[in-house]
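Worksheet: one structure, shown below.
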Amino acid sequence: MTSVLFVVLVLASCGGSERTGSAFCAQLGKEIPAIAQQPTTVDEISAMVDRYERLLTKAPLSIEKDFAVLTDLLRTAEDVDPSQPDEVQKLADATYAANQSSLAVRDWVKSTCAVDITTGVNIEPPRLPTTTVATTTVAP
């Protein structure tokens, strides 16, 4: 019985991907600085899609939906034929529609990973709440 329980625990620990802030930030660290570069060729866009897909597998539930929107946007960009105005317009519309998700991901990544995902630059946000010391005055 004990050996069966051990095997189940080992398989469970190896089975799922870790979707935590620290796992996401660790994966982001592997993807920086390439994550902040603007892709200009189909190959660069494909590489960016791959990066975002790896990050999506680590995205915690709090940003998973918004990160999926950004990953889908990159997939759409990968398939756009720039010589087709209607496809370019479809991408532009999808980009505007993804703006709120982009802002949510940017803010979450800044506060959790201390990285500006749009530039790939480490930032130093205040991590601890400031403490206020109350002073008292005694009336004479």
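Testing Val88 on (1) touching a residue at least 12 places away in the same chain (Cβ under 8 Å); (2) touching an Asp or Glu at 6+ places or on another chain (Cβ under 9 Å), one condition comes back false. Which one is that?
Going through (1) touching a residue at least 12 places away in the same chain (Cβ under 8 Å); (2) touching an Asp or Glu at 6+ places or on another chain (Cβ under 9 Å) one by one, Val88 breaks only (1).
Could you count how many residues in the range 38-94 are over 20 Å from Asp107 (Cα atoms) and charged (D, E, K, R)?
Here the count works out to 11.
I need a count of the residues in the range 70-94 that are closer than 17 Å to Glu53 by Cβ and of a type in the set (Ser, Thr, Tyr).
2
When only residues in the range 1-20 that are at pLDDT below 50 and hydroxyl-bearing (Ser, Thr, Tyr) count, which is nearest to Asp116 (Cα to Cα)?
Start the filter on the range 1-20 by keeping residues that are at pLDDT below 50, which leaves 1-15.
Subsequent filtering for residues that are hydroxyl-bearing (Ser, Thr, Tyr) retains 2-3, 13.
On the way: Thr2: 47, Ser3: 47, Ser13: 31 Å.
Ranking the qualifying residues of the range 1-20, first place goes to Ser13.
What helices (runs of 4 or more DSSP H), lying completely within the range 42-116, carry at least 2 residues that are under 13 Å from the mean Cα position of the chain (by Cα)?
Values: elements: 42-56, 61-79, 85-97, 99-113.
Filter on the range 42-116 gives 42-56, 61-79, 99-113.
Out of the residues in the range 21-58 meeting the condition of being polar (S, T, N, Q) and farther than 19 Å from Leu70 by Cβ, tell me which one is modelled with the highest pLDDT.
Across the range 21-58, the extreme among qualifying residues is Ser22.
The values are calculated or read from the model by the stated rules, or taken from the named source; none is laboratory data. Just so you know, these numbers come straight off a predicted model, no measurement behind them. Glycine also receives a Cβ, built like all others from the backbone with ideal geometry; neighbour counts cover every protein chain displayed.
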